[in-house]
Every structure is written in structure tokens, then in C-alpha cells.
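Encoded as C-alpha cells, the structure appears first; notes follow it.
The values are calculated or read from the model by the stated rules, or taken from the named source; none is laboratory data. All values derive from a computational prediction rather than experimental measurement. A quick note on method: Cβ atoms are made from the backbone with ideal geometry, for glycine too, and the neighbour counts reach across all protein chains shown. What goes into the accessible areas is simple: the full protein's heavy atoms, side chains included, and nothing from ligands, DNA or RNA. Shrake-Rupley method; radii C 1.70, N 1.55, O 1.52, S 1.80 Å.
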Amino acid sequence: MSKKIGFLGLGHMGGPMAANLVRAGHDVVAFDPVPTAQAQARRDGATVVDTAAAAAADRDVVITMLPNGKLVLEVYADLLPAAAPGTLFIDSSTIDVADAKAAAALAVGAGHRALDAPVSGGVAGAAAGTLTFMVGGSAEDFADALALLEVMGGKVVHCGGPGVGQAAKVCNNMLLGISMIGLSEALVLGEKLGLSHQSFFDVVSTASGQSWALTSYCPVPGPVPTSPANNDYQPGFATALMTKDLGLAANALRDNGVDGQLGTLAAEIYTRFNQVEAGKDFSAIVTDIRNRSDQEGA
Ligand code: NAD
């Protein structure tokens, strides 16, 4: 059934997500302050409005896809009073668990309903409608949102109550960052010890050190031809985004009293790398480890 949707944040991810909703027959009213994003949304068939509040008026569902949690909370302050009572707010931005809980509480406090629904799958997944949605909120609101999320996603998982979708995202990406660093250190150690990348791959990909980072996203060229390493580390998943997500993970570790030494260190390592290679794929961390090793060994 066609829904009336407000969509805010028409960037790399939100633009194609909104386009998929239009394509599926939904009535999409959209807002983004950037003129090029507005123009693309118009070409995609959305109705573009001039203010955030106008995108929330008379909508069944309001979806936000914004850069950070501070902005989500600011934008909610404009959206919530403008929306009809009982509107379902879905925030798909990647933000702090604490901000996600605060946003949901604000929405519910204003007489609305709320889900956090961050995604993985990147720009390619957004364009293809194959994102994975990790959803936090009530079972009832999840059931209401499911068909809509399935337009934009290939897999939609109800993870728990408010903020728990963000929790799933932050746990997964913290583990990915740690495992990419660990794998890269092992690869560089192998290089120093005379182990070729292919031999490393042939052994480790079926041994106890196996990981997604190795078998699907190998950070050195050769063994996995589709990985960004074969394309001069063009993202993929940019270092800037991994750095952001590890910052959220470090916050969550600290806020929840977890002795997360590797997660905290991974955030520090990527923060440093991000200062020089923000636009490269995050798997390029292997080049940094190699360069620093050469310097230290010299
Ligand atoms: P982006 O910077 O390309 O897009 C964000 C958009 O929000 C921009 O177009 C910006 O103009 C718009 N915006 C800013 N203020 C606004 C406001 N007040 N109202 C409406 N729109 C506003 O970022 P992105 O890559 O699309 O990422 C969006 C979110 O998705 C982030 O939280 C990011 O961490 C997350 N994410 C990104 C990826 C990825 O691969 N790019 C993957 C998974 C999750």
C-alpha cells in the first residue's frame, strides 16, 4: 500500500534510498539543504520542499538519513511539532546509541512513534535496494515499517528496543575495524617473514584466523579480485566513515563501562590514519601499517 513519506537527508545514501521508495510507488516529500541533492531528488520523482518541517507535515512516516546524532536531534526539534500525531519516525543515520534513545524518547514524548534503523551495505546497497537494516523499537512499530524497509533493504532485522539497532551497528563495525587492523598486521608480518599474500590467503582463509575482512575484502591486491585493494583503495567503505563508527563504538564502550581496549585502540588507530587518508577505503590501513613498520625497522 502506498504511504505518505517524508525523507530528510538526500546524500550518498539517502538520495538513492528515497529514489527506491518513489520507484515502489510511495508518495515521497523530501528535504535537503544542498541544491544538487534537491535537483537529483526532483529528477527521481520526489516532491522537494523548502524546510524540514514541510517534509514532516501530513506524512505517515518520516525517514531521516543524516550525518550525525547532534543533527538528528536538532532536526527532530523542527519535525516533531510539524508532524501529525502518531507519525512513525525512522532514523537510519548512524549515530550514538545514547542519541538514538534520546531521539526516540523525544518522538514518543511528542505523541509519535519511533524506530532507529541504521544500515550497512554502503552506497551500492542503497542504490540496489539491498541494504541491511538493524532496527530498534517496539515490535508493533517494526511490523508497521517492515514492508517499507524491505523496499530499501535486502535484510531487515528487529534487534530489540529503542537504540538497539544502533547497538548492533556499532558492535558489528567495531569488530570489523578491529579485525581489519589485526588482519593487516598479520599480513605485514607475513611479508617480513617471506610469506606471499596468496599463500597467506590460501592457508588463513580456511584456518582459524579466517574472517570476512580476509575472504570478502582482502586488504592486499590479488587474492580477492573485487576488493578495493585492487582498485587503489577507492571506497568501498571510506576511512572517514570507519573512523566515525569507531568513535561511536568508543563512546559506547566508555558510557557502558566496558573494558574495550581493542575497540578504543582501533578508534585511535583509524583517527590517526583518517588525518592522512580519509577518502581511501578503510582497508588501506594495511598500507599505513606497512609504511610505519618500514620506518620503525629502518
Ligand atoms: P552524506 O553526507 O552524503 O549525506 C547527508 C545528507 O544530509 C547531505 O546531503 C546533507 O546536505 C543532508 N543534511 C544536512 N543537514 C540536513 C538537514 N538539516 N535536513 C536535511 N538534510 C540535511 O552522508 P551519507 O554517506 O549519505 O550518510 C548518511 C548516514 O548514513 C550517516 O549517518 C552515515 O554514517 C550513514 N552510513 C553511510 C554509509 C556510506 O557508505 N556512505 C554506509 C552506512 C551508513
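Axis angle, to the nearest 10 degrees, between helix 239-255 and the longest C-alpha principal axis of the chain: 80 degrees. The GNM of the chain, with springs linking C-alpha atoms under 10 angstrom apart, assigns the highest mean-square fluctuation among GLU277, GLU268, GLU191 to GLU191.
Reducing the stretch 118-134 and the stretch 28-56 to their Cα centroids gives an inter-centroid distance of 21 Å. For the pair SER2 and THR271, what calculated FRET efficiency results from E = 1/(1 + (r/R0)^6), where r is the Cβ-Cβ distance and R0 = 51 Å, to the nearest 0.05? After rounding, the FRET efficiency stands at 0.70.
Note on LYS101: lysines with a C-alpha under 30 Å away, same-chain residues under 8 apart excluded, are LYS3, LYS4, LYS70, LYS155, LYS169, LYS244. Beta bridges from DSSP with both residues in the chain: antiparallel share about 15 percent, rounded to the nearest 5. Here, the chain yields an orientationally averaged convex hull projection of 16.3 nm² when only Cα atoms define the hull. The rule of thumb for compact globular proteins, 2.2 N^0.38 Å, goes into the C-alpha radius of gyration of the stretch 167-297 1.03 times.
Could you run the Debye sum over the Cα atoms of the stretch 69-215, one equal point scatterer each and no solvent, and tell me log10 of I(q)/I(0) at q = 0.12, 0.17 Å⁻¹, two decimals? Results for the stretch 69-215 at q = 0.12, 0.17 Å⁻¹ read -0.60, -0.92. Relative to the longest principal axis of the Cα atoms of the chain, the long axis of helix 97-109 lies at roughly 10 degrees. Beta-bridge orientation, the stretch 4-160: approximately 10 percent antiparallel, per DSSP, counting only bridges with both partners inside.
Keeping the other protein chains in place, figure out the carbon and sulfur percent of the accessible area of the chain, with a 1.4 Å probe.
It is 58 percent, rounded to a whole number.
When all alpha carbon pairs of the stretch 6-112 are counted in 5 Å bins from zero, the resulting P(r) reads 2, 14, 26, 25, 19, 10, 3, 0 %.
Computed per residue of the chain from DSSP H runs no shorter than four, each worth -39500 (n - 2.57), the mean residue ellipticity at 222 nm is -17000 deg cm²/dmol. In degrees, nearest 10, range 0 to 90: what is the angle between the Cα axis of helix 139-152 and the longest Cα principal axis of the chain? Helix 139-152 sits at roughly 70 degrees to that axis.
The stretch 178-207 and the stretch 221-282 have their alpha-carbon centroids 18 Å apart.
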